[in-house]
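Heads up: the structure comes next, in structure tokens.
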Amino acid sequence: MRANFLFSVWPYMAFSLLAVGLAIRCLLEQKRMDAVRAEMAEAWSVFGGANVWRAVVALLLVVHVAVLLLPQSVLAWNSHPLRLYLFEAIALIAGLAALVGWAKLTWRQVSHGNRSVITELSDTIFLALLLLAIASGVLMAALYRWGSLWGALVLTPYVASILRGGPAPGLATQMPFFVRLHVFSAFAMLAVLPLTRLAAFFVFALHSSLALMGRPVSAAVHAAERWLRRHNPAPWLWPEED
């Protein structure tokens, strides 16, 4: 029952909390874009880190996206032993570098906190979940060889089943503990994200997107009003008497 909840119900709860949380923040802060920009600057100072940290995070994201979205390409790449060793080594080294970068981020967060208690607590929880995700990923790479192969064969179908609305928790529950921890922590990070400083980037992006989409509508409405004023049929239908 617990495993079924964690890998069939919890992902949808996490996505719901992410969507609802971001929507609420957009509504509350739609007229406070200056404050949102200031929070974006704070979020960058807390989570941006050094160039090495950003490069490592980008590399890990590329690896995960490749395994999840391009499993056939990953399997074809890994069909040659040398390329498989290279892929696994790069992922492991990136994971170890991410652990070092996480330690620096956490120290900066703990020693320079200046926001509300809720924000600081949310950022700390997010960083703790990030540690679980990174550490479990490193342990996966160290203890269970060829993770990119069985990840493409097992975890990719599991994620696809979640997106299709028909979760297959058995694909995840058969995996070792650290794999399950890696999956759980990833969804937990999505659930917590709206309460963190990082949400400011999403709020700003959503606000800007809505503003861009609203411009054509507003322009069309104004054009229609101008046309109606020029071609107002009222004087013809109800002419003023002398």
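Each residue of region 35-52 was assigned a 3J(HN,Hα) from its phi angle through the Karplus curve 6.51 cos²θ - 1.76 cosθ + 1.60 (θ = phi - 60°); the sequence is 5, 5, 4, 5, 5, 4, 5, 5, 4, 5, 5, 7, 9, x, x, 7, 4, 5 Hz, with glycine and proline shown as x. Taking all protein chains as they are arranged and a probe of 1.4 Å, the heavy atoms of residue 148 leave approximately 10 Å² accessible to solvent.
For a test of the definition: using alpha carbon positions, the gyration tensor, and the 1.5 limit on a/c, classify region 12-73 as rounded, prolate or oblate. Judged from the Cα gyration tensor, region 12-73 comes out oblate (a/c at least 1.5, b/c at or above a/b). Where in region 63-82 does the amide nitrogen come within less than 17 Å of the point 7 Å from the Cα of residue 202, taken along Cα to Cβ? Zone members listed by number: none at all.
Residue ranking by accessible heavy-atom surface, 1.4 Å probe, largest first, among 182, 80 comes out as 80, 182.
Answer rounded, prolate or oblate for region 58-192, using the Cα gyration tensor with square roots of eigenvalues a ≥ b ≥ c: rounded when a/c is under 1.5, else prolate when a/b is larger than b/c, else oblate. Oblate shape, in that a/c is at least 1.5 and b/c is the bigger or equal ratio. Within the assembled protein chains, the solvent-accessible surface assigned to residue 162 is about 10 Å², based on a 1.4 Å probe. The modelled label-to-label distance for the pair residue 5/residue 93, using points 7 Å beyond Cα in the direction of Cβ, is 4.3 nm.
The values are calculated or read from the model by the stated rules, or taken from the named source; none is laboratory data. All of these numbers come straight from a predicted model, not from anything done at the bench. In this analysis, Cβ positions are derived from the backbone assuming ideal geometry, glycine residues included, and neighbour counts consider all displayed protein chains. Heads up: the accessible areas ignore ligands, DNA and RNA and are worked out on the full protein's heavy atoms, side chains in. Shrake-Rupley method; radii C 1.70, N 1.55, O 1.52, S 1.80 Å.
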